[in-house]
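Quick note: the coordinates plus some simple rules give every number you see, no bench work behind them. Worth saying up front: this structure is predicted, and the values here are computed from it rather than measured. No Cβ is skipped: glycine too gets one built from the backbone with ideal geometry, and neighbour counts run over all protein chains shown.
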Amino acid sequence: MSGIILLGMQWGDEGKGKATDLLGNKVDCVVKFNGGNNAGHTVVIKDKHYALHLLPSGILNPKITPVIANGAVIDIKVLFDELDQLKKRGIDTSKLLVSGNAHIITKYHRQMDLALENDPAKKKIGTTQRGIGPAYADKISRSGIRVYDLFSKNTDTSQNSILQEKIASSLASKNKIFANYGQKPITSAEVLQEIEPYLDRLRPMVTDTSKFLNTALNSGKKVLFEGGQGTCLDIDFGTYPYVTSSNCTAGGALTGAGIPPTKISHIVGILKAYTTRVGEGPFPTELYPFYNQPAKSDQTVDDPSIGKFLLEKGHEYGVTTGRARRIGWADGLVAKYSAMINGITDIVLTKLDVLTGLDTIKICTAYKIDGKIYQTMPANINDFFNAKPIYSEFAGWKENIKNARKLADLPYNAQKYVKFLEKFIGARISLVGVGPQRDEIIKLHNFV
Ligand code: GDP
Ligand code: IMO
Ligand code: MG
């Protein structure tokens, strides 16, 4: 029982990269089990900033075996570009293992993502335009390409490889759609050109990662499953359709890595002390820019300068697309829901330092939807789109908290804020982030 799942409790960008790095010294493997290069995980080590997209953050630690498991989607060129950049910065990337059952993202997936996002007849999701949704769509519709397919021989007498056949078959239908969008068809040669130069380098990394991880766990090794995105972006449990295309929740780690639930000892939820989201979709506690949601009739809107303050102070700009993130107050109902869906055992509360300086801080503790009060997330996500936040208010603090290393070092009002969140969510807060650096952390409980 030494599997630890680490995941986002909101809409992504909660600080999963930093938390993974913090636990790094205590684990043997770090596994990416969902998503692809839509993720952007930041790790700050002294004056060095690393932004990990397709690679698990654990790759920065030479003792760790990094694994990209079957549930992830891989853009092969992006993978090697990212590896090469890390190598240039002196990181040893030679231990990386890649699942043969992971699906690949090709040029036609990226083009489809773009075409669907720009289709005026379709709701814009605000995707990262990395081809994530179309690659998962192919996986589910059984027309995707797995990493093993890149190396498999055809058993029939055909002159074409399995890869060539799969690409040709996909393009036959996709090019019809591209034609409807007035776009040029994509040729098999273009797709292959992006993949083939990397095959010799990829081959030695490819393995049965499920077997590898189960063997590691059975021999007492510690494995950290590092989630991409966050609970509210989960394809089943998020704010559908404004979600990503994978399961970012705890169950996704099991199917995305081929691990039984009995191997998991801890489920660590990463929770930002306020909320951010990138892209379109409902966001009841949104403070800034508030452009997506005209205020509801009886809703008081907070001064937008508060959201702008948090945006700038928290450097809330996307690691992958550079987009300014939307900013809102903490949403207790989202956090409680996430704790339930994932079975969170420990919370890492991040970016408490960013709230320093505010006179008043709010936490949403109920919604009003069509005149009715909700104490928990509505079951029908369409109701969530009309949710008006009801807040509990807290007095802020002005003291710099970056040097706090235990709860008692925090100003009384900051302690009160942390304790209220913990009680409201009903899961213990084990670490509190007070800055981006490794040591800017308050440890409340040892858990790994
Ligand atoms: P991820 O996608 O969940 O890994 O999060 P991102 O890396 O996209 O965004 C989190 C940002 O917050 C990064 O710039 C981190 O360096 C930073 N960060 C993480 N924890 C803290 C914290 O406790 N305080 C502050 N000020 N920054 C933090
Ligand atoms: P990390 O791992 C925040 C959002 C996109 C968009 C929606 C669908 O860094 O927390 P996609 O390209 O996945 O089809 O886009 O999901 N999104 C993220 N938002 N953090 C992420 O990753 C995200 N990955 C995807 O902005 O709204
Ligand atoms: Mg991120």
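Here the spin labels are modelled as points 7 Å beyond Cα on the Cα-Cβ line, and at Asp119 and His49 they lie 3.7 nm apart. Built from the Cα atoms of the chain, the convex hull projects on average onto 21.8 nm², one quarter of its surface area. The orientation-averaged projection of the convex hull spanning the C-alpha atoms of region 55-115 amounts to 4.6 square nanometres. GNM on the chain, alpha-carbon springs under 10 angstrom: the most fluctuating residue among Ala330, Ala189, Ala216 is Ala189.
For the chain, a crude dipole built from +1 on the beta carbon of Lys and Arg and -1 on the beta carbon of Asp and Glu, taken about the Cα centre, is about 580 debye to the nearest 20.
By DSSP, what percent of the beta bridges with both residues in the chain are antiparallel, rounded to the nearest 5? Of all bridge pairs located within the chain, approximately 45 percent are antiparallel.
Under 5 Å from the amide H of Asp13 lie the amide H atoms of Gln229, each residue being 5 or more positions distant or on a separate chain, with H modelled from the backbone and absent for Pro and chain starts. Pairs of Lys residues in region 103-199 that lie 8 or more places apart, or on two chains, and have C-alpha atoms under 17 angstrom apart add up to 12.
Its Cα centre serving as origin, region 272-443 has a Cβ charge dipole (Lys and Arg +1, Asp and Glu -1) of approximately 340 debye.
Give me the percent relative contact order of the chain, please, defined on Cα pairs under 8 angstrom at least 6 residues apart. 19 percent.
Each residue of region 304-448 gets 139 Å³ once the volume of the Cα convex hull is shared out per residue.
For a straight C-alpha distance cut-off of 24 angstrom, the lysines reachable from Lys222 (same-chain residues fewer than eight places away being disregarded) are Lys16, Lys18, Lys26, Lys32, Lys63, Lys95, Lys211, Lys263, Lys443. Listed by chain and number, the aspartates and glutamates placed with their C-alpha closer than 17 angstrom to that of Lys423 are Asp331, Asp346, Glu393; residues fewer than eight positions away on the same chain are left out.
Ignoring lysines fewer than eight residues from Lys308 along the same chain, the ones with Cα atoms less than 17 angstrom from its Cα are Lys272, Lys351, Lys362.
Which shape class applies to region 226-349: rounded if a/c is under 1.5, otherwise prolate when a/b exceeds b/c and oblate if not, where a ≥ b ≥ c are the square roots of the Cα gyration tensor eigenvalues?
In terms of gyration-tensor shape, prolate.
Spin-label model, Ile140 to Ile373: label points 7 Å out along the Cα-to-beta-carbon direction sit 3.7 nm apart.
Exposure proxy for His266, His445: other Cβ atoms within 10 Å of each Cβ, ordered fewest to most, give His445, His266.
When each of Ile195, Ile74 is scored by the number of other beta-carbon atoms lying within 10 Å, the sequence from fewest to most is Ile195, Ile74.
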